[in-house]
Amino acid sequence: MSWTRDPHGRSAPTRGILPPVTHDRPVEARGRRLVRVDELGERGVVEVKTDDYGVLAVGMTPAGAAFATGNICRHQFAKLGRGRVTESGCLECPWHRARYDVTDGTMREGPKGRVFGFKPYSSAVEALGRRLKLTTYPVEIRDGVIYLSEAD
Ligand code: FES
């Protein structure tokens, strides 16, 4: 099945018909050193495996703000680091395109698509995602590399 024609309208290519709930070769952090900015690719976000926090979604907005958040979508648990960063700077789930504010982890838009985009359903998931925020981690950029901040 082509990922561009499925009923969910996936925002990033994932194989198969099941949610991408598995990791896809996360970058290995070295201590607080997470990932080089030039490793983020066109999606603007990758999964990074850390010693202290497990696998995080780490990326950068088009405005140049780096972020690190929890990696699990509040809808059907897809790995957010396999999604993309939107033009407006939201982290978008690869599966049904729920969107998260990377500054506070709040879901800003519920799932979309022919199946899960049904407005009452999508709004209910969004309300849940406003309460069950993603954890966010303070980060900083030094010499083109995203680091966890010392202050966390
Ligand atoms: S699994 Fe993320 S929007 Fe459905």
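The values are calculated or read from the model by the stated rules, or taken from the named source; none is laboratory data. On a predicted model such as this, the values are computed, not experimentally measured, just so you know. All Cβ positions, glycine included, derive from the backbone under ideal geometry; neighbour counts span all protein chains shown.
What the table below lists for this structure:
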quantity: Selection status of Ala68, at pLDDT below 95, within 26 Å of Ala124 (Cα to Cα), of a type in the set (A, V, I, L, M) and surrounded by 15 or more Cβ atoms within 10 Å (Cβ to Cβ); calculated: no
quantity: Residues (free of Cβ contacts under 8 Å to residues at least 60 places away in the same chain and more than 8 Å from the ligand (Cβ to nearest atom)) located in the range 87-98; calculated: Glu87, Ser88, Gly89, Cys90, Leu91
quantity: Entirely in the range 87-152, the strands (runs of 3 or more DSSP E) that have 1 or more residues that are within 13 Å of the chain's Cα centre (by Cα) and closer than 26 Å to Pro13 by Cβ; calculated: 90-92, 99-101, 107-109
quantity: Number of the condition not met by Leu148 [criteria: (1) in contact with a helix residue (DSSP H, G or I) (Cβ under 6 Å, 6 or more places away or on another chain); (2) under 24 Å from Glu28 (Cβ atoms); (3) more than 10 Å from the ligand (Cβ to nearest atom)]; calculated: (1)
quantity: Residue match in the range 107-127 (condition: within 12 Å of the ligand (Cβ to nearest atom) and among the hydroxyl-bearing types (Ser, Thr, Tyr)); calculated: yes
quantity: Residue list for the range 77-86, filter: part of a loop (DSSP other than H, G, I, E, B) and within 12 Å of the ligand (Cβ to nearest atom); calculated: Phe77, Ala78, Gly83
quantity: Any hit, the range 65-76, residues being in a loop (DSSP other than H, G, I, E, B) and more than 19 Å from Val21 (Cβ to Cβ); calculated: yes
quantity: Total residues in the range 100-122, condition within 12 Å of Thr69 (Cβ to Cβ) and either out of contact with any Phe, Trp or Tyr (no Cβ under 7 Å at 6 or more places or on another chain) or free of Cβ contacts under 8 Å to residues at least 40 places away in the same chain (or both); calculated: 7
quantity: Filter pass, Ala57 being within 23 Å of Ser149 (Cβ to Cβ), of a type in the set (Gly, Ala, Ser) and in contact with a Phe, Trp or Tyr (Cβ under 9 Å, 6 or more places away or on another chain); calculated: yes
quantity: Residues of the range 132-145 classified as within 16 Å of the ligand (Cβ to nearest atom) and basic (Lys, Arg), total; calculated: 1
quantity: Residue within the range 45-55 that is modelled with pLDDT of 95 or more, under 30 Å from Phe118 (Cβ atoms) and away from the ligand (no atom under 16 Å from the Cβ) present; calculated: no
